[in-house]
1. Report those strands (runs of 3 or more DSSP E) wholly inside region A:140-253 carrying at least 2 residues which are touching a helix residue (DSSP H, G or I) at 6+ places or on another chain (Cβ under 7 Å) and in contact (Cβ under 8 Å) with a residue 60 or more places away in the chain.
2. Exactly one condition in (1) surrounded by fewer than 17 Cβ atoms within 10 Å (Cβ to Cβ); (2) in a helix (DSSP H, G or I) is false for A:LYS340; which is it?
3. In region B:121-144, how many are more than 14 Å from the chain's Cα centre (by Cα), within 27 Å of B:LYS190 (Cα to Cα) and within 7 Å of chain A (Cβ to nearest Cβ)?
4. Exactly one condition in (1) farther than 19 Å from B:LEU157 by Cβ; (2) surrounded by fewer than 22 Cβ atoms within 10 Å (Cβ to Cβ); (3) touching a helix residue (DSSP H, G or I) at 6+ places or on another chain (Cβ under 9 Å) is false for B:PRO188; which is it?
5. Residue check: is B:SER94 without any contact (Cβ under 8 Å) to a residue 60 or more places away in the chain and of a type in the set (Ser, Thr, Tyr)?
6. Which condition number does A:VAL352 fail, the rest of (1) within 23 Å of B:LEU147 (Cα to Cα); (2) out of contact with any helix residue (DSSP H, G or I) (no Cβ under 7 Å at 6 or more places or on another chain) being met?
7. Looking at B:THR242, B:THR259, which is the one that is more than 27 Å from B:VAL153 (Cα to Cα), within 17 Å of the chain's Cα centre (by Cα), of a type outside the set (Lys, Arg) and modelled with pLDDT of 85 or more?
8. Looking at A:THR305 and the list (1) more than 14 Å from every other protein chain (Cβ to nearest Cβ); (2) hydroxyl-bearing (Ser, Thr, Tyr); (3) farther than 19 Å from A:GLN45 by Cβ, which single condition is not satisfied?
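The values are calculated or read from the model by the stated rules, or taken from the named source; none is laboratory data. Remember, predicted model here, so these are calculated numbers, not experimental data. Heads up, the Cβs are rebuilt from the backbone with ideal geometry, glycines too, and the neighbour counts pull from every protein chain shown.
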Amino acid sequence: MRLRTIAFSNLWRRKARAAFLVAGILIGVGTVVALLSLTESMTGQAQATMQTYGANIVVAPDGKDVGLSYGGMSIGGVSVGDKVLSQADLERIESIPARSAISVLAPELVGAVTAKGQRLLLMGADPAAEFKLKNWWSVDTGRPPANGHEVVAGAAAAKALHLQMGDYVTIRGRRFTVTGLLRETGGQDDQLLIADLGAVQRILGKPGQLTLIQVAAKYGVTPVDEVVRQLDAALPQAKVTAMQEVVKSRLHAVDQFKGFSYAIVGVVIAIEALVVFITMMGSVNERTHEIGVFRAIGFRRVHITRLILLEAVVASLLAGVLGYVAGMAVTYAVLPAVAKEAQVAWMPLLAVAAIALAVVTGGLASLYPALHAGKMDPTEALRAL
Amino acid sequence: MRAPVTERDDRTAGAAAAGAAAEAGEAGRDAAAQTAPAGQAAVDERATRFIDVRGLEKTFSGNGAPVQALRGLDLTVVEGSFLGVMGQSGSGKSTFLSILGGLSHPTAGSIGVDGIDLYKLPGERLADFRREYLGFVFQSFNLVPYLTALENVMLPLTVKRMPGAEKRERAESVLDHVGLADRAGHLPGKLSGGEQERAAIARALVNEPPLILADEPTGALDSETTVEIMDLFARLNGEGMTIVMVTHNPEIKRYFDRTIVLRDGRLDCELPACAAETPL
């Protein structure tokens with residue numbers, strides 16, 4: 001038999017107190033893990049968006065705004081109404097001094113149409129440029145449209161119209177062949193039928209008109225701000241928005257959340273330590289008599305201190321493991337609500353840190369109760385003797 | 001069970017190696033190592049004064065007026081004797097036992113066990129002394145409720161460096177010795193009062209101490225169990241173990257080979273010399 005046998009037996013015997021101790025640490029560690037993994041996941045998503053879209057710029061008519069989501073991130077408004085973009089605006093973009101910094105130029109025209117009795121959005125685009133820019137688009141089966149008689153259907157649109165590869169769909173008297181089905185994106189793209197820009201302009205009766213132009217700027221050639229400034233100058237009637245700014249603001253918000261999280265973590269750790277301290281002090285005072293017996297039969301002070309610390313560390317270790325699992329479970333449950341497209345960031349170090357945090361906090365908070373137990377006068381503890 | 005007198009120097013040497021040797025005992029052992037007749041004389045002297053109490057005083061000074069529990073107690077106990085300590089409540093019996101057990105420091109005087117001046121032991125060596133030299137048997141058994149009888153008996157061995165199997169073997173052997181082998185795996189709550197007392201005695205014996213201190217060990221037992229337990233103590237004493245027992249119970253004084261009576265912190269008298277009216 002060793003000290004740990006006594007520690008385990010005592011924890012097992014005083015289940016309610018041990019459970020309270022474990023729960024106190026578990027909640028603390030779980031909160032810390034959840035907050036840190038949430039902020040890390042959100043930061044990761046914002047950074048991934050930056051990497052994926054680079055310095056994408058959206059050129060839209062400057063007018064009455066309607067909401068538009070781009071790659072799952074709100075980029076402000078797209079104008080509808082009197083002011084529209086045109087093919088001429090494309091040429092103006094081509095003529096800016098920083099043209100060499102532009103890698104992709106993707107004009108789009110979007111309009112509502114009816115097909116098979118269903119209202120849906122038809123997008124006219126340059127398929128090659130569009131698919132290059134929206135690299136999250138993936139055609140599960142088939143290929144992008146190659147001519148004015150072909151169309152690719154978004155996941156929701158294909159489902160609504162019961163479209164399969166090779167089916168035909170007639171829009172305003174023009175028959176299109178379905179050459180591809182987009183994999184579900186979870187965004188507005190799922191509602192689209194995507195066809196050649198010229199064909200859509202003719203169908204919608206808007207020859208030469210564009211809803212917006214998406215621009216991909218290369219990293220490192222010209223500062224993105226400079227490209228935006230030149231586009232602004234070349235297109236005074238348009239609103240130019242750099243995706244980078246949207247992402248940057250998201251990152252800034254995440255940073256603020258991170259700072260707030262760290263403050264919460266500090267408070268949670270302090271409360272956790274207090275819970276451990278109070279529980280362990282209670283346990284020591286409850287066991288005064290028992291400690292007196294240990295001392296009377298020859299336990300040194302250090303043995304008593306070690307015994308109390310051992311109990312705290314065993315409970316903390318268990319709470320650390322459970323706290324990490326609970327924290328990650330909370331992250332899984334909460335993350336979709338705070339950042340839709342974010343993936344849970346698995347950090348092995350966080351697991352180690354969570355367990356270490358539990359053990360260190362549990363150990364430090366139990367230090368005084370353990371020393372106090374070691375210093376107990378055996379005569380006082382035994383009273384009878 | 002008992003470490004024979006002839007082995008006592010080995011025990012002392014072992015305890016010293018473990019950090020429990022008494023500084024005061026060194027001179028005696030050195031003297032014993034001299035010529036054979038002189039050495040034998042030293043051993044006899046230590047056996048005669050196995051417990052050596054001189055001018056023991058203890059004053060408790062709490063919030064109220066100081067209370068003098070012991071007022072200059074002098075006593076010597078021969079090794080292997082069975083000493084009964086009697087007296088009325090407040091006479092200083094328990095205080096004497098706690099000081100003899102190294103649990104409470106005296107206000108004045110000295111107390112020696114086997115040549116070791118207890119309260120001159122440095123630091124935590126008093127704890128080592130309790131572990132190596134003493135076995136406590138408490139009135140209320142004081143078994144740890146969440147440990148089995150066997151684990152309770154093994155408790156003093158917990159902090160000793162020895163193989164787990166040896167600890168277990170020794171505890172089982174002692175439990176067998178006190179007639180509790182078949183109850184080894186039971187928690188104290190599942191044992192009768194007599195069985196708990198036997199477990200407590202086994203715990204006191206497991207380290208093979210030369211001295212057993214018992215504080216009212218039969219106080220919570222019925223008369224039949226009291227006889228069983230006292231028979232067990234008598235058997236242990238017969239094996240050579242020194243026992244000091246504090247009791248209120250005059251029925252058991254027949255087991256003692258010497259009985260002292262304390263009154264107001266002093267040695268009042270010794271049976272059978274005490275006056276008939278001396279309160280016990």
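1. Numbers: elements: A:150-153, A:168-171, A:174-182, A:192-196, A:212-217, A:238-242.
Answer list for region A:140-253: A:192-196, A:212-217, A:238-242.
2. (2)
3. Qualifying residue count for the region: 3.
4. (1)
5. Working: without any contact (Cβ under 8 Å) to a residue 60 or more places away in the chain: no; of a type in the set (Ser, Thr, Tyr): yes.
Taking the combined requirement at face value, the residue does not satisfy it.
6. Tallying (1) within 23 Å of B:LEU147 (Cα to Cα); (2) out of contact with any helix residue (DSSP H, G or I) (no Cβ under 7 Å at 6 or more places or on another chain), A:VAL352 fails exactly one: (1).
7. Numbers: B:THR242 fails: more than 27 Å from B:VAL153 (Cα to Cα).
After applying the criteria, what remains is B:THR259.
8. Tallying (1) more than 14 Å from every other protein chain (Cβ to nearest Cβ); (2) hydroxyl-bearing (Ser, Thr, Tyr); (3) farther than 19 Å from A:GLN45 by Cβ, A:THR305 fails exactly one: (1).
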